[in-house]
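All remarks here apply to the structure that follows.
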Amino acid sequence: MHHMVDSDNVLHLLEKEHSADGRVAFVPRLALKGLWPQQGRYREVHNHWKAVARVASINLISAEETSRSMAKSSKYKIFVLDVQERKVGEEIGEDESLLADLGKWRIQIRRELDDLFQPPKGVPPPGEHDFRIHTDPSAKVPHPQPYRMTQSERAEFEVQIRKLLANRWVTDSHSHYAAPINFMKKPDATLRMCVDYRGLNKITAKDRYPLPYIEDLLDKLHGALVFTKLDLASGYHQVRVHPDDCHKTGFIAPDGFHEYKVIPFGLANAPAAFMRMMHKILHPHRRNAIVYLDDILIFSKTLAEHKAHVEGVLRALRNARLRLSESKYVFGTLETSFVGFRVNRYGIHGRKHL
């Protein structure tokens, strides 16, 4: 019989094995650390393993349930895990030359692929990943009136539209389609310009390509020791809108009428199309890299193999003409964050531990 016990903030999966002399041993197969009972992810993982337990005839009990059972009867046996932690970096071994070599490699790979970290500008060349907007031909074309703006919003609009025009990501429009714009306040009190594409999205045929489950991505990190995190710079704006559909992205303001030549934020099918593109680009590296939209995490069990994994992913991104954020990359680290979770060799830690 398999047993799975979660104690404190560690969820353990124990597998029953028989030795050559017939003795029974319970071997730990999985440990998820940093999952606290008050967190939604704890309950989600706990419920997931309950479902697995039912199918595999596994007994799943919590530390609290164990305590209650022991108080009622003394016939139960207790299995204790001795979990020993070492300092981060100790698992690499005593050869400090490996760490020194990693530092040299970081500098070398950054220098060799410097073009990957240049800010993206202009419209990407035509390709298989051109973004299409398929609308219902019988539907009424959306063209509401522009929203009113405050003086501060007008000033911010001028700043942002100049940047978009300078990068050639937008151009003047004479489209029958028009979407109004509004502004959302960021946590740092600055304004984000948002195009209200709800009218266009309503008549757009939906792309059903799925976004990956975060839990499935994190499961792949089991046993990983060293990580590299990458983030695309203005990811959506690195994907070209097909020329036949640019007019559908038209957006209107009291002082201008423009349309996008790259994917803007707010379109219904943008996440699905972007995810499809990233999956196709990184498909050869799927065993050692996970991606969620424009966030990429490369993981390996040794420093030596990590170099090859990272270089392979970077060259795939270069071949796809994608650019990376200069401020968000981390090469060859023993601990980093990914989609809100902190990851290291000890496991996956929730937002409370960031």
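Numbers for the structure displayed
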| quantity | calculated |
| --- | --- |
| Residue within region 115-122 that is open to solvent by 60 Å² or more (accessible area, probe 1.4 Å), touching a residue at least 60 places away in the same chain (Cβ under 8 Å) and not polar (S, T, N, Q) present | yes |
| Cβ-Cβ under 8 Å pairs, at least 6 apart or on other chains, region 228-244 side crowded, with 18+ Cβ neighbours inside 10 Å and at pLDDT 90 or above, far side of a type in the set (D, E) and in a strand (DSSP E or B) | K229/D295; L230/D295 |
| Any hit, region 208-217, residues being open to solvent by 80 Å² or more (accessible area, probe 1.4 Å), assigned to a strand (DSSP E or B), charged (D, E, K, R) and out of contact with any Leu (no Cβ under 7 Å at 6 or more places or on another chain) | no |
| Residues satisfying the stated conditions in region 123-143, i.e. among the small types (G, A, S), at pLDDT 90 or above and either open to solvent by less than 50 Å² (accessible area, probe 1.4 Å) or in contact with a Phe, Trp or Tyr (Cβ under 8 Å, 6 or more places away or on another chain) (or both) | A139 |
| Residue identified as in contact with a strand residue (DSSP E or B) (Cβ under 9 Å, 6 or more places away or on another chain), at positive phi and not in a loop (DSSP other than H, G, I, E, B) among G266, G312, G332 | G332 |
| Search result, residues across region 167-189 that are outside any strand (DSSP E or B) and in contact (Cβ under 8 Å) with a residue 12 or more places away in the chain | N167, R168, W169, S173, H174, S175, H176, Y177, A178 |
| Region 273-303: number of residues that are touching a residue at least 40 places away in the same chain (Cβ under 8 Å), part of a helix (DSSP H, G or I) and over 23 Å from H237 (Cα atoms) | 1 |
| Residues satisfying the stated conditions in region 303-336, i.e. among the polar types (S, T, N, Q) and either open to solvent by less than 20 Å² (accessible area, probe 1.4 Å) or within 19 Å of R286 (Cα to Cα) (or both) | N319, S325, T336 |
| Members of region 173-207 found to be under 20 Å from L267 (Cα atoms), open to solvent by 50 Å² or more (accessible area, probe 1.4 Å) and of a type in the set (G, A, S), listed by number | A205 |
| Region 245-257, residues that are of a type in the set (F, W, Y) and open to solvent by less than 40 Å² (accessible area, probe 1.4 Å) | F251 |
| Complete set of residues in region 228-279 that are within 20 Å of A320 (Cα to Cα) and of a type in the set (K, R) | K229, R240, K261, R276 |
| Failed criterion for P146 (all others in (1) within 19 Å of S234 (Cα to Cα); (2) part of a loop (DSSP other than H, G, I, E, B) hold) | (1) |
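The values are calculated or read from the model by the stated rules, or taken from the named source; none is laboratory data. Owing to the predicted nature of the structure, the values given are computational and were not obtained by experimental measurement. As a convention, Cβ positions derive from the backbone with ideal geometry for all residues, glycine included, and neighbour counts pool all protein chains shown. Only protein heavy atoms, including side chains, enter the accessible area calculation; ligands, DNA and RNA are left aside. Shrake-Rupley method; radii C 1.70, N 1.55, O 1.52, S 1.80 Å.
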